[in-house]
Amino acid sequence: MIKRFVIFTKKAVYHTDCRFLHIIDFEMTRKFASFVRFSRLNTIMKRTLLLIYFTIIFITSVSAQLYQYLDTNDGLSSRRVLSIQKDNKGYMWFLTHEGIDRYNGKQYVHYSLSADGQPNMKSFPNLNTLEIDTAGVIWEIGKNGYIFKYNSLQDKYELAYNFASKDKSNSGLPLISTYLDNKNNIWLCTKDKQYIFDIDQEKLIRLTSSIQEEITCITEAGNNQYFLGTNHNIFCVELIDKHQLQIQAYYQDSVTV
């Protein structure tokens, strides 16, 4: 069994395979076999001891890390990697300052993002993220309000939604935080408002909420419950009918209020 990890820094990406290896100390094995051979034990006992010894040797595994350095010389479009995802085919996707790279373990394929007449939109300084929905589709969500969807049939990224142009009443760009939950809702949070983009319905919904703070992070707890973090509080909320956020509890300075 091989587990694959990716570690990224400001200067490079490290690709590592975690493999299970059998390590045998042959000198120790030789000495143990010699001891059993010349001992006064009967043949059955000798065979039993040797069987136990080699069973332990072969079921004991040591985890070893093998790192591979990935850089622009290997095809990575930029050393500045903002987000990483792994799809259901095993491909690694890297969102960099220069666009999106797909890596199959040997080579890269580069994808640019185009919208509103801009042939190659840069990811920086929008601090975008890559997300994968329940159907395995990859989404690129930008803090400038652009949402791109990967079209696997045409092998390209297409503009799926423009938050700024669709919601004329919004003036909170850039978005403070974004999140894709397990119900295929893309959360889009401005300075004092919260929205969800329903992927299945391709519809933007402004949520009714009493939270007037900047939401900096979001995580899903299950059963329509979410934790929304701000600079001062953590809110436990329930999403009701995809239209309303109902606060169930909030936590301030580690004290429940």
The condition of being under 18 Å from Trp139 (Cβ atoms) and loosely packed, with under 15 Cβ neighbours inside 10 Å holds, among Asp198, Asp192, Asp241, only for Asp198
Under the condition of being under 26 Å from the mean Cα position of the chain (by Cα), part of a loop (DSSP other than H, G, I, E, B) and free of Cβ contacts under 8 Å to residues at least 40 places away in the same chain, which residue from segment 189-206 is nearest to Glu238 (Cα to Cα)? Lys193
Within segment 81-99, restricting attention to residues that are in a loop (DSSP other than H, G, I, E, B) and modelled with pLDDT under 90, which residue is farthest from the chain's Cα centre (by Cα)? Glu98
Looking for whichever is loosely packed, with under 15 Cβ neighbours inside 10 Å and either touching a strand residue (DSSP E or B) at 6+ places or on another chain (Cβ under 7 Å) or at pLDDT below 95 (or both) here; the options are Ser209, Ser254. Which one fits? Ser254
Conditions (1) part of a strand (DSSP E or B); (2) at pLDDT below 95; number of the one not met by Arg102: (2)
Residues of segment 54-80 being at pLDDT below 70 and among the hydroxyl-bearing types (Ser, Thr, Tyr), which ones? Thr60, Ser61, Ser63, Tyr67
Which condition from (1) assigned to a strand (DSSP E or B); (2) in contact with a Phe, Trp or Tyr (Cβ under 8 Å, 6 or more places away or on another chain) is the one that Tyr226 breaks? (2)
Any residue in segment 162-174 that is under 25 Å from the mean Cα position of the chain (by Cα), closer than 30 Å to Ala115 by Cβ and among the charged types (D, E, K, R)? no
Say we look at segment 105-117 and pick out the residues that are at pLDDT below 85 and outside any loop (DSSP other than H, G, I, E, B); which of these is surrounded by the most Cβ atoms within 10 Å (Cβ to Cβ)? Ala115
Please find, among Asn126, Asn120, the residue that is modelled with pLDDT under 85 and buried (at least 18 other Cβ atoms within 10 Å of the Cβ). Asn126
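The values are calculated or read from the model by the stated rules, or taken from the named source; none is laboratory data. Since this is a predicted model, take the numbers as computed values, not measurements. Cβ: placed from backbone, ideal geometry, glycine included. Neighbour counts: every protein chain shown.
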